[in-house]
1. Can you give me the angle between helix A:97-110 and the longest principal axis of chain A, using Cα atoms only, in degrees from 0 to 90, rounded to the nearest 10?
2. Summarise the partner chain shielding of A:23-36 as one whole number: the mean count of Cβ atoms from other chains within 10 Å of each residue's Cβ.
3. Once both labels are modelled 7 Å past Cα along the beta-carbon direction, what's the A:A363-B:D237 spacing in nm?
4. Rounded, prolate or oblate: which one fits region A:118-187, using the alpha carbon gyration tensor with axes a ≥ b ≥ c (rounded when a/c is under 1.5, else prolate when a/b beats b/c, else oblate)?
5. Can you work out ³J(HN,Hα) from phi for every residue in region B:313-330, in order, using Karplus 6.51 cos²θ - 1.76 cosθ + 1.60 and θ = phi - 60°, giving whole Hz and x for Gly and Pro?
6. When all alpha-carbon pairs of region A:307-396 are counted, what percent fall beyond 23 Å?
7. Collect residues whose amide H, placed 1.01 Å from N in the peptide plane, falls under 5 Å from the amide H of B:L279; neighbours closer than 5 in sequence don't count.
8. Please give the average number of partner chain Cβ atoms lying within 10 Å of the Cβ of each residue in B:217-226, rounded to a whole number.
Amino acid sequence: MPHNERLMPHKEPVAVVGIGQTRHVAARKDVSIAGLVREAAQCALEDAELTWADIDAVVIGKAPDFFEGVMMPELYLADALGAVGKPMLRVHTAGSVGGSTALVAANLVAARVHGTVLTLAFEKQSESNAMWGLSLPIPFQQPLLAGAGGFFAPHVRAYMRRTGAPDTVGSLVAYKDRRNALKNPYAHLHETDITLEKVQASPMLWDPIRYSETCPSSDGACAMILTDRTGAARSPHPPAWVHGGAMRSEPTLFAGKDFVSPQAGKDCAADVYHQAGITDPRREIDAVEMYVPFSWYEPMWLENLGFAAEGEGWKLTEAGVTELDGDLPVNPSGGVLSTNPIGASGMIRFAEAALQVRGRAGAHQVDGARRALGHAYGGGAQFFSMWLVGAEPPQN
Amino acid sequence: MPEVLTAPLVVEFPFTRSLGPVQSAFLTGLRARTVLGVRASDGRVVVPPTEYDPVTAEEIRELVEVGTTGTVTTWAWNARPRPGQPLGTPFAWALVTLDGADTALLHALDAPGAESVHSGMRVRIRWAEERTGAITDIACFEPYDSEPGRQPTAHSGEFADTDTETNADTDANADAGPVTGIIAPARLDYTYAPGRAQSRYLNALVDRRTVGERCPACRKVYVPPRGACPTCGVATDEQVEAGPNGTVTTFCIVNIKARNLDIEVPYVYAHIALDGADLALHARIGGIPYDQVRMGLRVAPVWTEGARFPDHYRPTGEPDADYDSYKELI
């Protein structure tokens, strides 16, 4: 072993020392896009007790440009994010972008390229129309569908057929996530009068997906400050440590693609668990923030991520295991079903996982959470990004 | 080489912009024929104003009024104006430092010819007659001899609802309080070409034949073909006719009408594995009540005169396919 490898690990341990979010709502008409991202970044700096001068680089992400019609948001937002004279990168992987943006930032710290990095993701859905942005009139293609719900609904039906899950499972997820959101002041939807009956009585939009089982359209931003061991030692609050992070991609459509449980998702999770030394995710992980834009994706991802055997994910949901007081809480924040500024949604998952292991999740804190998974996916179940964060520094 | 199809693709949307406090003051000012800048941490006056300091990143909110006359710092001659540009006749794109400002504003300069424009020339704003709170409230700049030297003056950023000036166009331009948002229409004009493989597929559809392509490595048949196998990364050039019948592998019932689609709801949107294809294509199911469509249903295309694609697929009346026969094709 070369001398220097004995002195320092081959990768710099990465700590999350600052987290900031806007209060997500349907329309933030009072701020520009610059003002929106600034709010989240400022909150993250305050959490870390740092200033703009302490930031070495900025990594931002958002979903497709057509969502706001700003073709180079990284150019427009450089001054709002204090990036003058610093490296600034933009990441783009559709709905998973919030996760992959955080991972690109984490890798810059792990590789010792930069000591402290601000990473941020946003969407101001009220400036445009995502359903339009996802349904451009491509010539020679038969227009059959608009938006994401109709795209994913047939895959939900395929899951139900494959596993024999009762058709009530989706409503249980929506009911849980909307109740969790009531404990999260940053969540968009606060449906104080929510009942299971109301979820089950809501109209079918894309049968088998009901209105109450779909995500809202939100304006919001999320920011994190990632730093090295030196930065972590100065942190005024306990940091979250990155124990593993990975991204995987596959084509949107190919012969043999398993839309119910994509191979890229399985591989991504396996990589993260390997890095983190996790052999039994169901027992060793205390909380999960997974990207569930339509309620049925909770049981689907429980299987894809290795928390349940194939065909068994819905049983965890039905048994209450994924409730806030269950033994594997999923989306204690209320999840994407309660808050969906699309580009930011993945980063909110990563940030909420970090809040859990920092013990700073407030009313939706999972008691004693030491290890948490943040998960995002995007495109036609095409891009996956995940990280596992812990309360203790990584061992290796 | 087969004919490669092309077609225009126009993408356009009226994006909205919430302005925030600084841009709101700037555009409300233009409506009242007043140009506002913002004072940066180092004392410089930035026009158009930004919300955050370009050097220190601090929030900056100290608004100042600058002049409506200024100096051209640099320029480029635009001999052939395009639709949507500020002037229909040849003009200069100019960076103008307004009197009292330390940064330059980009706009059009109406000048008789390139030879009449030079850096250092003095210009003034020509206001649009109808002003709405937009950068186009400045119609353009025009040559104007005057002495520079105006100093910026403090401004609250607030404007009275009624303009105190007595010009004829006052009433039309002074209503409705501060400008808080704008609409920024965007339009992109593309020529779309689906490529050789898709063109072969589309040309065969004219004869109501569905022709896919087989991957030479994994032997999978792609319908529609893409010219390459996404799994193996090799070219697919063996033509294979698939269908015309197929099996519904999964579906959803669409109950909400999309504004850009002329399809009555409810309707069934299905994945259909054509016989001989290894990937399902997507189509509408008809000829059966929507609530009787099921996975495994056997279907055949229904063509209408002059249409490129089958209008929908209808049940063939065959027994349903066994789940195991299509479960890998969902």
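Bear in mind these aren't lab numbers, they're just calculated from the coordinates by the rules spelled out. In this text, all values refer to a predicted model and were calculated from it rather than measured experimentally. In this analysis, Cβ positions are derived from the backbone assuming ideal geometry, glycine residues included, and neighbour counts consider all displayed protein chains.
1. 20 degrees
2. Values: counts 0, 0, 0, 0, 2, 2, 6, 6, 5, 10, 3, 6, 9, 2.
Taking the mean over all residues of the peptide, I get 4.
3. Each label point is offset 7 Å from its Cα along the Cβ direction, giving 6.6 nm.
4. Judged from the Cα gyration tensor, region A:118-187 comes out oblate (a/c at least 1.5, b/c at or above a/b).
5. 10, 10, x, 8, x, 5, x, 4, 6, 5, 3, 4, 6, 10, 5, 7, 10, 5
6. Values: 1086 of 4005 pairs.
Looking at region A:307-396, the distances longer than 23 Å represent 27 percent of pairs.
7. B:V223
8. 2
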